[in-house]
Structure formats: structure tokens, C-alpha cells
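Beneath this line is the structure, given in C-alpha cells, with notes to follow.
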Amino acid sequence: MSEQSVLRHPEEFEVMIDPERIAERVREMGHELSRDYAGKDLVVVGVLKGSMLFMSDLVRHIALPLTCDFLRVSSYEGGLRSTGVVRFDFDLTQPVRDKHVLVVEDIIDTGLTMSFLLETLRLRGPASVRVATLLDKPEGRRTEVQIDYVGFTIPNRFVIGYGLDLEGRYRNLPYVAAMRTSARES
Ligand code: PRP
């Protein structure tokens with residue numbers, strides 16, 4: 001691949017998790033999920049848009065005849081901080097009654113999005129609901145939420161790439177980049 005075809009992050013950001021570490025961890029998570037869900041009717045639910053890269057890589061490492069579905073909620077309105085109000089933009093295409101649901105997120109920060117989602121999904125009678133997130137930012141938490149599978153626990157920094165955006169852009173970076181502390185102060 002030529003250097004020119006690889007997107008770079010803005011200069012106020014720096015690489016936090018490179019593509020190799022992501023690939024290795026996603027593979028491990030896939031293997032763990034393959035074991036945990038063996039013999040179960042698994043539906044993997046991606047929370048758009050941020051989960052798109054993680055979800056597509058993760059399911060390729062889950063060696064089970066799962067189904068995929070998507071929903072979309074939003075709370076950041078393209079900015080740096082959660083508005084605290086979670087909005088349902090669109091819903092799943094199939095009922096989840098009696099199915100084992102794995103909700104896949106790119107990041108859990110305040111936990112408000114996931115609490116809302118778990119509450120909503122549990123009302124639909126699934127056999128189980130668990131959560132897998134690529135990134136967990138525990139310092140940002142404003143409500144308690146149980147996360148079953150975590151790729152990386154990260155400090156309280158604004159991150160972009162591998163699905164995560166800055167005003168809608170940079171989701172296609174092949175790595176996770178964090179805003180430099182100095183850039184945040186200025
Ligand atoms: C991001 C992320 C989670 C949520 C996590 O979504 O994908 O859904 O924020 O934050 P929280 O724990 O503070 O609620 P966002 O609303 O930015 O939409 P996007 O996935 O389309 O980028």
C-alpha cells in the first residue's frame with residue numbers, strides 16, 4: 001500500500017493504538033466470543049456509526065453462524081462532549097426475543113448511550129444481552145454500566161479513528177489517535 005493512500009490524523013492528535021495492536025486484540029476478543037457463544041443463537045448488534053470498523057473486523061473472528069443487525073443512537077451531535085440526551089435514530093430490523101444479543105460499541109464514555117440501549121433491548125425479551133466495546137473510558141462514566149468485553153481501557157482523552165469521528169471525519173483512520181493534552185488546553 002502506498003503511503004499516499006493512508007489517511008493521517010490532524011496535528012493536534014497523536015497515535016494511541018496502532019493497527020497491529022488493534023488487530024491482535026480484536027482477534028483475541030473474537031476467539032473469546034466464539035467460545036462463550038458456542039451453540040447459542042447469537043445476534044451481533046452494531047451501534048452505528050462508530051462501531052462500523054470494529055464490528056466488521058470482530059465478526060470475522062467469531063467462528064459461529066451469527067446474524068448481524070444495526071441500530072443508531074446519537075448523543076454527541078458531532079462535538080467533543082456528550083449532550084447527555086440519547087436519541088434513537090433507527091432501530092433493529094429483526095426481533096431479538098429469545099436470542100443472545102451482543103451489543104458492539106466503539107467506545108463507552110459516560111455510559112449514558114449504553115444504559116439507554118440496554119434498558120431498551122432488555123424489554124424485548126432476549127435470552128441475554130452483553131456488551132463488547134473496543135474502547136472503555138471509565139473516568140468519563142456518569143452512570144454505572146456493565147461491560148462484558150473490553151478491547152482497551154483508555155484515559156480520559158478525546159479519541160478519533162477506527163470508527164471514531166471528529167465532526168464526522170477521520171472514522172477511516174486505521175488506528176486510534178488521541179488529542180494531545182497541549183492541544184486541549186489551547
Ligand atoms: C459515540 C459512541 C457511543 C457513544 C458513547 O457515539 O459510538 O455510541 O458515543 O458515549 P457515552 O458513553 O458518553 O454515551 P456518537 O453519539 O458520537 O455517534 P457515532 O457512533 O455515530 O459517532
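Among residues other than Pro19 whose Cβ falls under 12 Å from its Cβ, what is the net charge (Lys/Arg +1, Asp/Glu -1)? Walk me through the numbers on the way to the answer.
Numbers: positive: Arg21, Arg25; negative: Asp18, Glu20, Glu24, Asp57.
Local charge sum for Pro19: -2.
Relative to one another, the C-alpha centroids of region 93-115 and region 51-76 are positioned 10 Å apart.
Could you tally the net charge around Glu32, taking each other residue with its Cβ under 11 Å from the Cβ of Glu32, Lys/Arg +1 and Asp/Glu -1? Don't jump to the answer; show the numbers that get you there.
On the way: positive: Arg25, Arg27, Arg35; negative: Glu28, Asp36, Asp148.
Overall, the nearby charge balance is 0.
Rounded to two decimals, the Cα-based Rg/Rh of region 19-154, with Kirkwood Rh, is 0.94.
Were the residues from Glu167 through Arg124 laid out at 0.36 nm apart, the gain over their Cα-Cα distance would be 12.2 nm.
Counting charges near Ala127 (Lys, Arg +1; Asp, Glu -1) among other residues having Cβ under 9 Å from its Cβ returns a value of +1. Coupling constants for region 43-59 follow from the phi torsions by the Karplus curve (6.51 cos²θ - 1.76 cosθ + 1.60, θ = phi - 60°), and in residue order they are 10, 9, 10, x, 9, 7, 8, x, 7, 4, 6, 4, 4, 5, 6, 4, 5 Hz; glycine and proline get x. Annotation: amide H-H contacts under 5 Å for Leu135 (H modelled 1.01 Å from N, sequence separation of 5 or more, or interchain): Ile107, Ile108, Gly151, Phe152. Net length available on complete extension from Leu48 to Phe88 is 13.3 nm, with 0.36 nm assigned per residue and the Cα-Cα distance removed. Can you tell me the orientation of helix 19-36 relative to the chain, as the angle in degrees between its alpha-carbon axis and the longest Cα principal axis, to the nearest 10? Once rounded, the angle reads 10 degrees. Computed from the C-beta positions of Asn156 and Asp98, the FRET efficiency with R₀ = 41 Å rounds to 0.60.
Readers should treat all values here as calculations from the given coordinates under stated rules, not as data from a laboratory. Note that the coordinates shown come from a computational prediction; the quantities given were computed from them, not determined experimentally. Glycine gets a Cβ as well: all are built from the backbone with ideal geometry, and neighbour counts include every protein chain shown.
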